[in-house]
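Take a look at the structure set out below.
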Amino acid sequence: MSLDKEDVRRVAFLARIRVPEDALAPVAQELNNIIDWVEQLAEVDTDGVEPITGVTALTAPMRKDQVTDAGYPNRVVGNAPDRVEDFYAVPKVVD
Amino acid sequence: MTASKLNELTIADARGGLAAGDFSAVDLTQACLDAAEAGRDLNAFITLTPDIALERARASDARRKAGNAAGSLDGIPVAVKDLFCTDGVLTTAASHILDGFHPAYESTVTQNLMDAGAVMIGKTNLDEFAMGSSNMTSFYGPVKNPWVGANGEDLVPGGSSGGSVTAVAARICPAATGTDTGGSIRQPASLCGVVGMKPTYGRCSRWGIVAFASSLDQAGPFARTVRDAAILLGGMAGHDPKDSTSAPIDVPGFEAAITGDIRGLRVGIPAEYTMDGMPAEIQALWDQGAQWLKNQGAEIKPVSLPHTKYALPAYYIVAPAEASSNLARYDGVRYGLRVDGDNLDDMYANTRGEGFGAEVRRRVLIGTYVLSAGYYDAYYMKAQKVRTRILEDFTKAFEDVDVLLSPTAPNAAFPIGAKMDDPIAMYLNDVFTVPANLAGLPGISVPAGLDKDGLPLGLQLVGRPFDEATLFRAADALERAAGFSALPKYLGGQG
């Protein structure tokens, strides 16, 4: 499989990363070099092999569904680039 | 012992000196802070925290005076990779996108170290979001390896934990924390002539560590001796209810595991780690390492890990996939950089296009692609199945042996700027370290010799899950036999 400029445009949109128009072709080339290289995995016989789900034999623990840490909105939003009172502020989403 | 050299002590020696009252934690900390200042040119630190350090050192001295010293790490200066969130202290992951981020919480590992009395002297430089093998992708610029090339040229310290390893190798401080997703502790340890360990996945809590690839990331220690690495890991490790993947099992006494006796230890030599084009001196050092262990009563056995060559390509699907998901949180809304746009999507794209460096953008794009509709099974699921094969290889090998011995990296330190135009050449630096991450196994790099240019080379030991104790015992045997005593050009920041 090989990516072209349109593929890069689509993936860049999905990833929400601005890729300038004149960089689409060079980025496609970079990504293709890596994709071509990882495709050697096709050589491995994985018929009947389960995908790994965890690397140790531990099972995921359960805990009570309760709030354990809360009550300081000022600290939570304290790093926001833009805020209004205790809320994050973003560009207008709905006209 | 002159006060200006306190920064060159090991943890074990500093522990002795503090206990005997030869010097105070404040003396020790000040020596390290002075060495860090003198070594600014190495660019090992993104942020120095002298006020916090001296405050914690004074508290340590007060505890000791009151007869309440917390243990082996009380009063010991430690540098912290700037991937660990530290309450109220700038935390950058070496990325522009985290400009000005001051976490409102402390990572579990650094909290554990604080509780053990350790003294944080600063936050160290790294590859951006820990993605790299040279520290060249840092927004804050490259780190200089304290060792220099044969013609005096500046070299990379390896990566991604380039600042942490440099602080320890240059004797700025005795120890540092790192993280290792594909080799980011062990490869720089090899390139800088210090000890670096990646524990078993789950040994240290990942809570509060800026996430790169959540199924692979693990915190671990840098130190100048195996004993010191064991002491530091003891202070970092432990179950944490805030990380459901941290193991709810006891932390053994790692230092006590270093018995000096490896008689009967079965050491596997994986045939597939012999790589085309690997320098003859690395092969020779590997053979020498096996002989050193054999001379101390270990049994050397050839083993096969047939899927070794597929580990690196599998990693470069799994790690970018997880990174693309983890890094979705950097959206210009909650913290860090925001670059405005005409609408919300534009703002996201502008912020992430400008805030991420080239390697991070590359990996997020690859990760997004391999997870996207129509490609998920071909790439991501395939890689996760190959990972099962790799884990099976290790499980089978560990039926016959207790540890595996290999080189840590396929090369010594290389010049600043090299390999930057060829991502795959850079990725190959982790060819021997990545398999342990994919299988969740503990691994340690021990400085074992010098190459023809006088640069350090490490040997790696990999062990069974949660058997770091055996790894420390074997690594100590390797360390004693190697007797690595060469020093870098830059010592205590002076060069």
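With the convex hull drawn around the C-alpha atoms of the protein assembly as shown, the volume per residue stands at 159 Å³. In units of the compact-protein estimate 2.2 N^0.38 Å, segment B:262-338 shows a Cα radius of gyration of 1.81.
Longer than 19 Å from Cα to Cα, which of B:LYS301/B:LYS452; B:LYS309/B:LYS382; B:LYS198/B:LYS385; B:LYS382/B:LYS419; B:LYS301/B:LYS396 are they? Say none if no pair is.
Violating the 19 Å limit, Cα to Cα: B:LYS301/B:LYS452; B:LYS198/B:LYS385; B:LYS382/B:LYS419.
With a simple spin-label model that places each label point 7 Å from the Cα along the Cα-to-Cβ direction, the separation between B:ASP400 and B:ASP13 comes to 4.2 nm. Per the Kirkwood formula applied to alpha carbons, segment A:1-56 shows a radius of gyration over Rh ratio, Rg over Rh, of 1.15. The alpha-carbon atoms of segment A:38-95 define a convex hull whose volume equals 319 cubic angstrom per residue. The P(r) of segment B:178-265 has a tail past 23 Å containing 26 percent of all C-alpha pairs.
A viscosity of 0.890 mPa s and a temperature of 25 °C, combined with the Kirkwood radius over Cα pairs in Stokes-Einstein, give a translational diffusion coefficient for segment B:449-494 of 194 µm²/s.
Taken as Cα centroids, segment A:1-61 and segment B:318-380 sit 13 Å apart, rounded to the nearest whole angstrom. The mean of 1/r over all pairs of different alpha-carbon atoms in segment B:356-406, once inverted, gives a Kirkwood hydrodynamic radius of 13.4 Å. Rg and Dmax of chain B, both derived from C-alpha coordinates alone, stand at 21.2, 70 Å. Residues A:THR59, B:THR200, B:THR166, ranked from the fewest to the most other C-beta atoms within 10 Å, line up as A:THR59, B:THR200, B:THR166.
Multiplying the residue separation of B:ASP340 and B:LYS294 by 0.36 nm and subtracting their alpha-carbon distance yields 10.3 nm. Take each residue of peptide B:365-373, count the partner chain Cβ atoms within 10 Å of its Cβ, and average: the result is 6. Hey, if you drop one equal point scatterer on each alpha-carbon of segment B:341-426 and run the Debye formula without solvent, what base-10 log of I(q)/I(0) do you get at q = 0.11, 0.15, 0.21 Å⁻¹? So the normalised log intensities are -0.62, -0.95, -1.09.
What the Cα atoms of segment B:63-181 give is an Rg and a Dmax of 15.4, 53 Å. Residue order for B:VAL195, B:VAL462, A:VAL38, fewest other beta carbons within 10 angstrom first, comes to A:VAL38, B:VAL462, B:VAL195. In straight-distance terms, cross-link reach from B:LYS65 covers every one of the lysines whose alpha-carbon lies under 29 Å from its own, apart from those fewer than eight places away in the same chain; here that gives B:LYS5, B:LYS123. With contributions of -39500 (n - 2.57) from each DSSP H run of at least four residues, the per-residue ellipticity at 222 nm computed over chain A stands at -9000 deg cm²/dmol. Computed over the Cα atoms of segment B:3-135, the ratio of the radius of gyration to the Kirkwood radius (Rg/Rh) comes to 0.99. Per 10 Å bin, what percent of the C-alpha pairs of segment B:215-261 does each bin hold, from zero upward? The distribution over segment B:215-261 is 24, 48, 25, 3, given as percents.
Take every pair of alpha-carbon atoms less than 8 Å apart whose residues are at least six positions apart; their mean separation over the length of chain B yields a relative contact order of 19 percent.
Using 0.36 nm per residue and subtracting the Cα-Cα separation, the extra length available between A:ASP22 and A:GLU6 on full extension is 4.5 nm.
For segment B:317-384, the orientation-averaged shadow of the C-alpha convex hull comes to 4.8 nm² (one quarter of the hull surface). Neighbour counts of C-beta atoms inside 10 Å place A:GLU6, B:GLU281 in the sequence A:GLU6, B:GLU281, starting with the fewest.
Note that segment B:419-430 has calculated 3J(HN,Hα) couplings of 6, 6, 8, 9, x, 5, 4, 5, 4, 5, 4, 9 Hz, one per residue in order, obtained from phi through the Karplus relation 6.51 cos²θ - 1.76 cosθ + 1.60 (θ = phi - 60°); glycine and proline are x.
Taking only alpha carbon atoms, segment B:46-119 gives an Rg to Rh ratio of 1.03, where Rh is the Kirkwood radius.
Mind checking the log10 I(q)/I(0) for segment B:410-475 at q = 0.12, 0.15, 0.18 Å⁻¹? Debye, one equal scatterer per Cα, no solvent, two decimals. These q points yield log10 I(q)/I(0) values of -0.41, -0.61, -0.80.
Rg and Dmax of segment B:161-311, based on Cα coordinates, read 16.9, 47 Å. In segment B:28-69, the alpha-carbon atoms span a convex hull of 63 Å³ per residue.
Where a number appears in this text, it was derived from the coordinates with a stated rule and is not lab data. In this text the structure is predicted, and so the values were computed from the model without any measurement. All Cβ positions, even for glycine, are placed from backbone atoms using ideal geometry, and neighbour counts span all protein chains on display.
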